[in-house]
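The values are calculated or read from the model by the stated rules, or taken from the named source; none is laboratory data. Being a predicted model, the structure only gives us computed values, none of them experimental. Every residue, glycine among them, receives a Cβ derived from its backbone with ideal geometry; neighbour counts consider all protein chains shown. Just the protein is used for accessible areas: all its heavy atoms, side chains included, with ligands, DNA and RNA removed. Shrake-Rupley method; radii C 1.70, N 1.55, O 1.52, S 1.80 Å.
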There are 2 protein chains.
Amino acid sequence: MLDCAIIGGGPAGLTAGLYATRGGLENVALFEMGMPGGQITQSSEIENYPGFFEHDKTGMDFMDTWQKQCFHFGLKHEMKKVESVEKTGEHFTVTVEGGETYEAMTVITCTGSVPKRAGFKGEDTYFGKGVSTCATCDGFFYKNKPVTVLGGGDTALEEAFFLSNICSDVYVVHRRGEFRAAPPTLDRVMRKENIHLITDSVIEEAVGDAMGLSGVDIKNTKTNEITHMDNTGLFVFVGHNVNNGVLKDDKGGFICDVTDWGQVVVDLSMKTNVPGLFMAGDIRIEAPKQVVSAAGDGSIAALQVISYLQELA
Amino acid sequence: MLDCAIIGGGPAGLTAGLYATRGGLENVALFEMGMPGGQITQSSEIENYPGFFEHDKTGMDFMDTWQKQCFHFGLKHEMKKVESVEKTGEHFTVTVEGGETYEAMTVITCTGSVPKRAGFKGEDTYFGKGVSTCATCDGFFYKNKPVTVLGGGDTALEEAFFLSNICSDVYVVHRRGEFRAAPPTLDRVMRKENIHLITDSVIEEAVGDAMGLSGVDIKNTKTNEITHMDNTGLFVFVGHNVNNGVLKDDKGGFICDVTDWGQVVVDLSMKTNVPGLFMAGDIRIEAPKQVVSAAGDGSIAALQVISYLQELA
């Protein structure tokens, strides 16, 4: 019987593992198929995680210390893909690919979310090298430079507004003629002089070289005209998929409260409505999608697991 | 007019400053009388902040990078002691010692809390060198070693239980004959074989040398007998003072919702009930009092400030 099963090996899961084991739990496993580290390992530069400020280091370098540290206190790594989590009586059953099961007193789910890709040519090639899905993370790298934003929803326009306070000009490319964002958001964006809306258009291709992205080809879908823009930053906001699959039950519902957007409902203690089941990181409601906040969540969830187990003792 | 006034320069305040300025706000000031860094600068070793795992570095070394990084993006340091924060119409007035005032669109209060000192001889001398006020932070340094705990309330006994899963023996020293902790907590503690309750007793002196704490003298207040215990860890849990003074109004109340314990009520977004007023770190309800969670709070509060200002735009 595991004291705690941690599902997912990004910043939230690793920190939860560090706090659970360093807090005295002896039987804690982190389930992650590959190398732990999470989305941040794809970043070429990080400067907003407090305490890490080395411009020549990548996301992979950044996670190096985390892995050593978080496994130092006895956390076990199960290189397995979790299929489902189920509460059976007082404890949980974690089923992995192939059908093997683990029993656990508590579960912390840290499977995160994945930004959707738009599917244009060059998107994968330049991801993390000019193509980004996070304005908070990467906007500053384009201070006083022009950037392109792809998307037409609330998030895309809010992020465009965020970028407009940092970048010289923000070109918002949207495939439709009208924006589906909330009217006040659209109003604010339209009043901002350095935001330029390019409707009925798609990204035809992200172009660049070994140094990264150098520009974007924008195609007008009505005229088929292609405009090239020299632009070293391209932000794609076409939605997120929350990785909540492990929390689905047999009937297509969820084992805990989940919003219409798929995010798990938690309180300040990272508790769900199911006793013993905790969340951390981008899977939860109102997640700011930052390494430091995901790590903070992980510490909170692990300390709550320890309290929960104390109360059962 | 400041876009944001950040009050307090610990991990929460520094991270809020990093995120606010890197997020494009140009007029952000962090108010802190001395060098920023917070309580953690008093620690001799840190191993639970993910990404920092160097056993020869102190809390002061740890905060070195933070200061460079968090002030790198234009955050201003106001070396002033804030006396009060007041909401006047749409914005805030921050008054500092001497009466000078600053106007701010938003405020993030990160003034933290301070563990109370018990007042015994040697307590200050060995603080951070064997005397601790945080089991989560420092318990692991005494793995399989005996430790002493001072205190008789719920927190003291919960922390003693936490330590009993890590340390060989936990000696709980309490000045009264009875414990005022909740009965279930006391029950659990009494069932734990390696927790030993020493009632009607106080810490007479913490003793040690240049290497740090080496033992404690415990005095029985009924017999005046003194027992010396060789013990390199002493945890003091005699309460916390929440530093909420800046939020007091003229009438002795608070400008926002505060619990009976003095912690400020927030939601997952670090919002208080006052629009534009945010909290981060140990001043808020349910704060786990960890560097990583305080930093996470700081990032959340700053991103919320940016959204709040966008909505006003």
Isolated cysteines for the protein assembly as shown, Cβ-Cβ cutoff 4.7 Å, are A:CYS4, A:CYS70, A:CYS110, A:CYS167, A:CYS256, B:CYS4, B:CYS70, B:CYS110, B:CYS167, B:CYS256
Over the Cα atoms of the range B:17-64, compute the convex hull volume and normalise it per residue, giving Å³.
91
Given a 1.4 Å probe and every protein chain left where it sits, what share in percent of the accessible area of chain B is carbon and sulfur?
48
Place the label 7 angstrom along Cα→C-beta at A:ARG176 and in each other copy, then list the distances from the first to the rest in nm, shortest first.
6.5
Where the label is 7 Å out from Cα toward Cβ, how close does A:GLU54 come to the same position in every other copy, in nm, shortest first?
0.8
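D for chain B, whole µm²/s, Stokes-Einstein with Kirkwood Rh over alpha-carbon pairs at 4 °C and 1.567 mPa s: what number? Could you put the intermediate results ahead of the total?
Details: Rh = 20.8 Å.
Translational D for this selection: 62 µm²/s.
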Mind listing the Cα extents of the protein assembly as shown along all three principal axes, in Å, largest one first?
96, 69, 41
Mind checking which helices in chain A clear 18 Å along their axis (Cα) and have mean Kyte-Doolittle hydropathy of 0.0 or more, DSSP H runs only?
A:291-312
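Within 10 Å of each Cβ in peptide A:182-194, how many partner chain Cβ atoms are there on average? Round it to a whole number, please. It would help to have the intermediate numbers written out before the result.
Working: counts 0, 0, 1, 2, 0, 1, 4, 2, 0, 1, 2, 0, 0.
What the average comes to for A:182-194 is 1.
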Which residues belonging to the range B:117-152 lose at least 50 Å² of 1.4 Å-probe accessible area when the assembly is complete, relative to their chain isolated?
B:PHE140
Rg to Rh, two decimals, where the range B:131-236 supplies the alpha carbon set and Rh follows Kirkwood:
0.95
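Write down the Kirkwood hydrodynamic radius of the range A:253-313, to one decimal in angstroms, obtained as one divided by the mean of 1/r over all alpha carbon pairs.
On the way: mean 1/r = 0.0842 Å⁻¹.
Evaluated on the range A:253-313, it is 11.9 Å.
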Name the residues of the range A:28-50, by number, that are at least 20 Å² less accessible with every protein chain in place than in the isolated chain; the surface is that of heavy atoms, probe 1.4 Å, without ligands or nucleic acids.
A:GLU47, A:ASN48, A:TYR49, A:PRO50
Nearest-to-axis residue of chain B, judged by beta-carbon position, where the axis maps B onto A, in Å:
B:GLY296, 1
Inter-copy distances for B:MET1, nm, shortest first, label points 7 Å along Cα→Cβ, are 6.0
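Given 4 °C and 1.567 mPa s, compute D for the range A:192-313 with the Stokes-Einstein relation, Rh being the Kirkwood radius over Cα pairs; round to the nearest whole µm²/s. Let's see the in-between values first.
Values: Rh = 18.3 Å.
D = 71 µm²/s.
Hey, what's the Cα Rg ratio for the range B:137-189 versus the globular rule of thumb, 2.2 N^0.38 Å?
On the way: Rg = 10.8 Å, N = 53, 2.2 N^0.38 = 9.9 Å.
In units of the 2.2 N^0.38 Å rule of thumb, it is 1.09.
Based on the Cα coordinates of the range A:80-177, what is the per residue volume of their convex hull in Å³? Mind dumping the intermediate values first?
Values: hull volume 17.6 nm³, N = 98.
Hull volume over Cα atoms, normalised by residue count, gives 179 Å³.
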Accessible area per residue in Å² at 1.4 Å probe, computed on chain B:
42
Using per-residue counts of other Cβ atoms within 10 Å, averaged over each peptide, order B:60-68, A:281-289, A:36-44 from highest down.
A:281-289, A:36-44, B:60-68
Just from its helices, what would the mean residue ellipticity at 222 nm be for the protein assembly as shown, if runs of 4 or more DSSP H residues each count -39500 (n - 2.57) and the sum is divided by every residue, rounded to the nearest 500 deg cm²/dmol?
-7000 deg cm²/dmol
Show the residues, 5+ positions off or on another chain, whose built amide H is closer than 5 Å to the amide H of B:LYS81.
B:GLU97
Count, for each residue of A:19-26, the Cβ atoms from other chains sitting within 10 Å of its Cβ, then give me the mean as a whole number.
5
Centroid-to-centroid separation of the range B:277-312 and the range B:101-171 [C-alpha atoms, Å]:
23
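May I ask you to order A:107-114, A:259-266, B:127-134 by the average number of other C-beta atoms within 10 Å around their residues, highest value first? Intermediate values should be presented prior to the final figure.
Working: A:107-114: 26.8, A:259-266: 16.5, B:127-134: 22.1.
With the highest mean Cβ count within 10 Å placed first, the list reads A:107-114, B:127-134, A:259-266.
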Protein heavy-atom accessible area occluded, A/B pair - total, 1.4 Å probe, Å²
4600
